[in-house]
Amino acid sequence: MFEPIEYADANDDVRAVFDAIKSTRDIPDVNNFWKYLANDPATLKRTWESLAQVMAPGALDPLVKEMIYIAISMSNNCEYCIKSHSASARKQGMSDDMLKELMAVVGMANETNALVNAYRVEVDAALR
């Protein structure tokens, strides 16, 4: 439906966001996700600002946040997000063993969630 917007073809508002992404992530160019969002500069800006805030260091370590992002992306079957956030997590120290364990947790959570929903299991009083 849309084509990616390259830096050379971007307007000043888009270039400002691209520059912020490149600076924050210390990368030479933004990835395709951002280039496609650049078709709507307001969405590009809002998404970048929200993502930068949420993924910044806080009570959760940035690597933990990346791994949570990977887990949700696996559950949502978003190949692009899985690849993108796995690359970021690897830069921050995620090992193959960590990824395998994460995948096991995601698989188990999806399985048990499906069973709970299928059986319509009531929440125990002790858990309320």
Just checking, how many residues over the range 68-108 are without any contact (Cβ under 8 Å) to a residue 12 or more places away in the chain and assigned to a helix (DSSP H, G or I)?
14
For the range 21-60, name all the residues that are over 17 Å from Ser84 (Cβ atoms), touching a helix residue (DSSP H, G or I) at 6+ places or on another chain (Cβ under 7 Å), surrounded by 13 or more Cβ atoms within 10 Å (Cβ to Cβ) and not charged (D, E, K, R).
Pro41
Here are the criteria: (1) within 17 Å of the chain's Cα centre (by Cα); (2) in a helix (DSSP H, G or I). Tell me which single one Leu60 does not satisfy.
(2)
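Where a number appears in this text, it was derived from the coordinates with a stated rule and is not lab data. What you see is a predicted model, and the numbers here were worked out from it, not measured in a lab. A quick note on method: Cβ atoms are made from the backbone with ideal geometry, for glycine too, and the neighbour counts reach across all protein chains shown.
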